[in-house]
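One structure is given here, and the rest of the page talks about it.
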Amino acid sequence: MRERITFVQKEGDSIEPTALKVDGNGLKGPEVKAVREDRLTFALDELPAELKALLEGVNQLHIRWVSPVAYEAVSPLLARLPPGFHLFYTPGGDTSINPCPLLNKAFGTDSCSSPSESFTTLPTDRFTHSTTHQFYQPLPSLKAFTTFAKSLLCPPGSPSSCSSRLTSLNSASQLDLSYDTISHTLRLTSLWPYAPQSLSASLLSPSIRTEIGIISTASPKTLEPHEIGISGLLTVLGQSTAPSPTLFSFPSRHRDSSSSFHAHFLPPTGLHPVLQLTISSPNPPSKSPTKDTCRLHGYFTLPKSIFPDRHQLNDPLFLASKNLSSVRYITPGIDLEAPEYVTTPWGSSLLLELSPPSTTTTTGKAWTAEIPLHLRYLSPSLTGYRTAEVPYPALFWACTAEEGTKFPSNPFEKDKVGYDGLFGERTVFWHLNPTPADGKLVNTVKVPVLDLEKAGWVGAVTGGVVVLGFAWVVVKLLGVVLSSGKRVEEGKKKQ
Amino acid sequence: MTKPSPTGQPRPPATPPSQGAPSLVTTFFDRPLPLYLSAAIFRLVFLLYGLWQDANSPVKYTDIDYLVFTDAARFVSQGQSPYERETYRYTPVLAWLLLPTAHVTGNRILDVAFFSSGKVLFAIADLVAGWLLEKVLAKSMDGPRARKFATIWLLNPMVATISTRGSSEGLLGVLVMALLWAVLERRVTLAGLLLGFSVHFKIYPFIYAPAIIWWMDNEKMSPNKTKPTKSPQPTSPTTKILNFLTPARLQLTIISLATFSALNIAMYLIYAHPFLQETYLHHITRLDHRHNFSPYNTQLYLSSSLPHPSTAFRIEKLAFLPQLLLSTILIPLATAKKSLPASMLAQTFAFVTFNKVCTSQYFLWYMVLLPLYLPQSSFLRHKRFGLAALVLWVAAQGAWLQQGFELEFLGNSTFLPGLWLASLGFFGVNCWILGVIIGDVGRQ
């Protein structure tokens, strides 16, 4: 087991080494504004039996949880996903293994029943680095997970720091759990938003190697355009008594485009809501060395209550009228008719290429794009309405780095974010910052449903009306039969 | 100056005796050409307008179903199954018929023409249905009057729109009309082939089988049309049954069943289970209850969402009972021998009205038969009554559409009571109209 704790300040912010107190048990420093990232790495043998048994049977398992509360990201920790609980999964040899029960227990998810029912398949023919299956569910908080983790990691009698560190997960903005058969390790990474906090970290246990870094991005003169520079202080608890300064750089896939966007549904939403994205600028990221290759994309994960119709999104004229250019990926096999309550797959993901207005005429002006969506019928309620929650998409400019550019894995890399598997190896994602007016990265739609309060008489009255209508027609038919009988007799009399 | 009608029947009183030059309307119906030419031009204009709208507006003229058919045809042209296209729920024959739409030449104008060839086919089917309609009508009236009634179909904007938007319902129109014509012409083999094929194509024409068989008694089928000398009334049930089993009835039954089975076996051999699932089984298991005109709609939504199926009594489980009783047994028995076209109209009307799913496309199923009944209808004899019925039918639909609009586009929860009551109201109006139609048959 290893631990790494990183405080990331913004470019230009730094801290004097003398302000930090380091001893064998921890580090103490002043309060600064920073992002905090904690990463714990477990070997398989260090895991509880139930989890170990599950992981031994899978090939890849990546959980990405993102808070619905808008947060500010700081370079290099820029990768974004729609808020909620994401699972990217590749089964091992035994495909009957079902990770759902353990996931539901650990995270409080409820729509995961089995891979064959709840998961959707991802294309693996395009790029080999993606997983084969995807699952998603809106999940506003990690409360269930912290409770689960406490019961597992902090047995009675363990120090209060164990429980309090896990409790702090409730204010995290991201949580990643990654396992693959190649590394045979489980990595748990949590990220807290950019906020004032005291630079303090303590050793969990003497047997755990704990590395602490206080860093910020830097721009040394030797920096290549596709690289990010990092400067700061590093220390390994128990090994050194003073942090040592460091400066290094690496190519990064996730960058900041310095544009922003927000999303909302156009009223009235009806059963075919249109999600409007308002984007602050039509210009590709100015810092990208390969601006001409940049295309603006939106990556959506849509719970099953709402879905895109890929046939509707096929027509170039229609797409152009919404400032969209093409569908790059859509979950195949989405049922276009079934109600939500009989649909078993979690929903669908959608990767759209957007079409910004030409930059010569509207330089720097905000513009909009519209995503037409469709609601399924939801189950009846006592008010006649239900709400569907639709997470914000991740918006980014995907630019192709110059030929020959390599992206070796870097210490802050975040992969398996859904859309990265749909692009080539040389793609750089320049993210747009979501800025919702209410601070929530989720839009809600009011969905009209059957009002159960008024439904008491539906069966009886429907049946009654049908019987009446039927009886009326039968009476008329009887009239026909009787009158023709009469006519036959009249005919006989005449003869 | 009017030509004597070919059948030698007196001219209907509706046509005023010509004084001086014949009126434009009279000349229009005198010969077939003007009517069919204008019906064709009418559709051509719709078709070209549709192409223009599709090319210039994000709101498409072309029906979404046409994209389903043509996608399926493309799969077929690539040697794949048409059922690769989701929501393709039709016989593969339709995709085969539309194979030219998948043809790509590289020339833009030619490609658009090829892609639209399916709509042309549907529009031609409309015209042929109208022509057969005229031929059936002409059995009981002169040519111009028959053409006048055929106009209700041929120059009907709703019919022309539906076929040029690329909906295949027009093909059903021509099949059903050809079936009726073949039966009235006593062409039993042809009728059997058409019946078997129609049922394979869209299931619902099976309701015509009992009516046609009931109608085909010896009296109707005797070639010399003179009344046969009254044979003594059969006494024992066995003789009754033996008398019922006429050669014509047996021939129709065997040929139609053989056609239907042969087509299905062939399709199953080619496309296996997806063919059965999408074309037939889907209709049994479907849970697609997005709001539609059916009176059962609200109840279906309600019961499909309840957690424990089969615990409570479900009215919709019995929905097929009134529907099939009326459309396959009671209406044919009471009316088919009096007027086969009117019986078929009433059966179709009952089938659509009592169906678990009902959309406006289904109205086309009975609209093609309507001109055959109208000449003898009380709706036309008492103009005010007819107008009132039409207004009522449209208003009931309008009320439903208004509630549907509020739900679909404004997001108001109008399921209860608005949409539900509107669908029950529309159902009531339809039942009343059905009763009037049946009453009219009784008067004949």
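A simple packing score, the average count of other Cβ atoms within 10 Å per residue, orders the peptides B:64-71, B:268-275 as B:64-71, B:268-275, with the highest score first. Straight-line cross-link partners of residue A:406 among the lysines, defined as a Cα under 23 Å from its Cα and at least 8 positions apart when in the same chain: A:221, A:287, A:291, A:414, A:416. Rounded to the nearest 10 degrees, the angle from helix A:143-153 to the longest Cα principal axis of chain A is 50 degrees.
Specify which residue in the list A:272, A:317, B:198 is farthest towards the positive end of the charge dipole of the protein assembly as shown, using unit charges on the beta carbon of Lys, Arg (+1) and Asp, Glu (-1), about the Cα centre. Towards the positive end, the residue furthest out is B:198. The mean number of Cβ atoms from other chains found within 10 Å of a Cβ in peptide B:423-434 is 3, as a whole number. Put simply, when B:331-340, A:80-89, A:471-480 are sorted by average Cβ atoms within 10 angstrom per residue, most first, you get A:80-89, B:331-340, A:471-480. Relative contact order for chain B: 14 percent, from Cα pairs under 8 Å spaced at least 6 residues apart, divided by residue count. Shown here is the pair-distance distribution of the stretch A:25-86: with all Cα-Cα distances grouped in 10 Å bins from zero up to the longest one, the shares run 14, 34, 30, 21, 2 percent. Probing with 1.4 Å while keeping every protein chain in the model, the per residue accessible area of the stretch A:2-250 equals 44 Å². Overall shape of the stretch A:75-131 was characterised from the C-alpha gyration tensor. The equivalent ellipsoid obtained from it has semi-axes of 22, 19, 10 Å, in decreasing order. Averaged over peptide A:443-455, the number of partner chain Cβ atoms lying within 10 Å of each residue's Cβ comes to 4.
The H on the amide N of residue A:265, modeled in the peptide plane, is under 5 Å from the matching H of A:276, each at least 5 residues off or on a different chain. Screening chain B for DSSP H helices whose Cα atoms reach 18 Å or more along their own axis and whose mean Kyte hydropathy is at least 0.0 gives B:32-56, B:64-77, B:108-137, B:169-184, B:188-202, B:247-276, B:340-353, B:383-408, B:420-443.
Using a 1.4 Å probe on protein heavy atoms, which residues of the stretch A:258-307 have at least 30 Å² less accessible area in the complex than alone? Listed in order, they are A:268, A:270, A:271, A:272.
Distance from the alpha carbon centroid of the stretch A:204-273 to that of the stretch A:294-328 works out to 31 angstrom.
Treating each Cα of the stretch A:1-130 as an identical point scatterer and summing with the Debye formula, the log10 of I(q)/I(0) at q = 0.12, 0.15, 0.22 Å⁻¹ comes to -0.71, -0.97, -1.42. Remark: the stretch A:255-448 carries 38 Å² of accessible area per residue (probe radius 1.4 Å; ligands, DNA and RNA excluded).
Ordering of A:141-149, B:381-389, B:368-376, B:199-207 by packing is B:368-376, B:199-207, A:141-149, B:381-389, highest average first (other Cβ atoms within 10 Å, averaged per residue). Taking only the C-alpha atoms of the stretch A:255-448, Rg followed by Dmax gives 17.6, 61 Å. Averaged over the residues of peptide B:404-415, the number of Cβ atoms from other protein chains lying within 10 Å of each residue's Cβ is 6. Each 20 Å bin from 0 upward holds the following percent of the Cα-Cα pairs of the protein assembly as shown: 11, 35, 28, 16, 7, 2, 0.
Here the stretch A:2-250 is assigned +1 on the Cβ of each Lys and Arg and -1 on the Cβ of each Asp and Glu. Its dipole about the Cα centre then comes out at about 440 debye.
Taken over the stretch A:2-250, the percentage of Cα pairs per 10 Å bin, counting from 0 up to the bin with the maximum distance, is 7, 28, 34, 23, 9, 1. Put simply, chains B and A cover up around 4600 Å² of each other's accessible surface, both sides summed, when a 1.4 Å probe is used. Split the accessible area of the protein assembly as shown by element, probe 1.4 Å, and carbon with sulfur accounts for 62%. Straight-line cross-link partners of residue B:337 among the aspartates and glutamates, defined as a Cα under 18 Å from its Cα and at least 8 positions apart when in the same chain: A:489, B:185, B:217, B:219, B:440.
Across every pair of non-identical alpha carbons in chain A, the mean reciprocal distance, once inverted, gives a Kirkwood radius of 25.6 Å. Could you give the angle, 0 to 90 degrees to the nearest 10, between helix A:458-494's Cα long axis and the longest principal axis of the Cα atoms of chain A? Approximately 20 degrees, to the nearest ten.
Relative to the Cα centre, the charge distribution of the protein assembly as shown, modelled as +1 at Lys and Arg Cβ and -1 at Asp and Glu Cβ, gives a dipole magnitude of about 4520 debye.
Shape verdict for chain B, please, from the Cα gyration tensor: rounded (a/c under 1.5), prolate (a/b greater than b/c) or oblate. It is rounded, given that a/c, with a ≥ b ≥ c, falls under 1.5.
The values are calculated or read from the model by the stated rules, or taken from the named source; none is laboratory data. Values in this document were obtained by computation on a predicted structure and should not be read as measured data. Cβ atoms come from the backbone with ideal geometry, glycine included; neighbour counts cover every protein chain shown. Each accessible area value is taken on the protein alone, full model and side chains, heavy atoms only, with ligands, DNA and RNA left out. Shrake-Rupley method; radii C 1.70, N 1.55, O 1.52, S 1.80 Å.
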